[in-house]
Amino acid sequence: MLGGRLLGASCYDRLDIARRAVAAGADYVAFGSVFPSPTKPGAVRAPLTLFGQARALVHGERNLVANAANLSALLWHALPRLNWCGFYLYDGTELVVGPFQGKPACIRIAIGRGVCGTAAQTRETQLVRDVNAFAGHIACDAASQSEIVVPLVKADGSLLGVWDVDSPVTDRFDEDDRAGMEALCAVFMDAVQG
């Protein structure tokens, strides 16, 4: 079932169409030119999962702040047991807080410091099941018990920043979450790099 055509629609329209399509039992929506559709030339299909919703939300928008803000809001409302999710952006010296959802956050984080700084330095996703066991963890919110941080690396290999998600529950994140967060970050990076 085709949920709706999203080409030229605003981000609100695209997300609304995707949500209505899910409610109606659709298994995909058509928009832009990201997923080729075997059934209709020029149309594309995106699964109506969180991944598909994220893809629809950022489709056609290259602005970093707009996409970071919308992706943070989408995931904040879609994923259970979070107490913070958002972006830290690299300013050439350190990570600076960007769009996020949750309590006020640490404003600046040095490269190599804490979970975010470690992800930025190593360019590897950090999956921390218990933040109390992570040497040097920065407790911006004392309620955080587990964390996952994905580095955002540009096509040229330079650092854009990190995507950070915290939970008040120990062991909230696992390898499936790592794969999912990395896939969502790839959607974000594709959108902002055009």
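The values are calculated or read from the model by the stated rules, or taken from the named source; none is laboratory data. Here the structure is a predicted model, which is why all the values come from computation and not from measurement. Positions of Cβ are backbone-derived with ideal geometry, glycine not excepted, and every protein chain shown enters the neighbour counts. The area values use the complete protein model at the heavy-atom level, side chains included, leaving out ligands, DNA and RNA. Shrake-Rupley method; radii C 1.70, N 1.55, O 1.52, S 1.80 Å.
Out of all the residues in the range 98-111, is one or more open to solvent by less than 40 Å² (accessible area, probe 1.4 Å) and modelled with pLDDT under 95?
For the range 98-111, residues open to solvent by less than 40 Å² (accessible area, probe 1.4 Å) and modelled with pLDDT under 95: present.
Does at least one position in the range 44-57 carry a residue that is surrounded by 14 or more Cβ atoms within 10 Å (Cβ to Cβ), under 19 Å from the mean Cα position of the chain (by Cα), among the aromatic types (F, W, Y) and modelled with pLDDT under 95?
Yes - at least one qualifying residue is present in the range 44-57.
Does the range 62-70 contain any residue that is within 24 Å of V187 (Cα to Cα), part of a loop (DSSP other than H, G, I, E, B) and open to solvent by 30 Å² or more (accessible area, probe 1.4 Å)?
Taking every residue of the range 62-70 in turn, at least one turns out to be within 24 Å of V187 (Cα to Cα), part of a loop (DSSP other than H, G, I, E, B) and open to solvent by 30 Å² or more (accessible area, probe 1.4 Å).
Scan D171, D177, D130 and give me the residue that is among the acidic types (D, E) and crowded, with 16+ Cβ neighbours inside 10 Å.
Just one listed residue meets the conditions, D177.
Among what's in the range 80-92 and is in a loop (DSSP other than H, G, I, E, B) and touching a residue at least 12 places away in the same chain (Cβ under 8 Å), pick the residue that is surrounded by the fewest Cβ atoms within 10 Å (Cβ to Cβ).
R81
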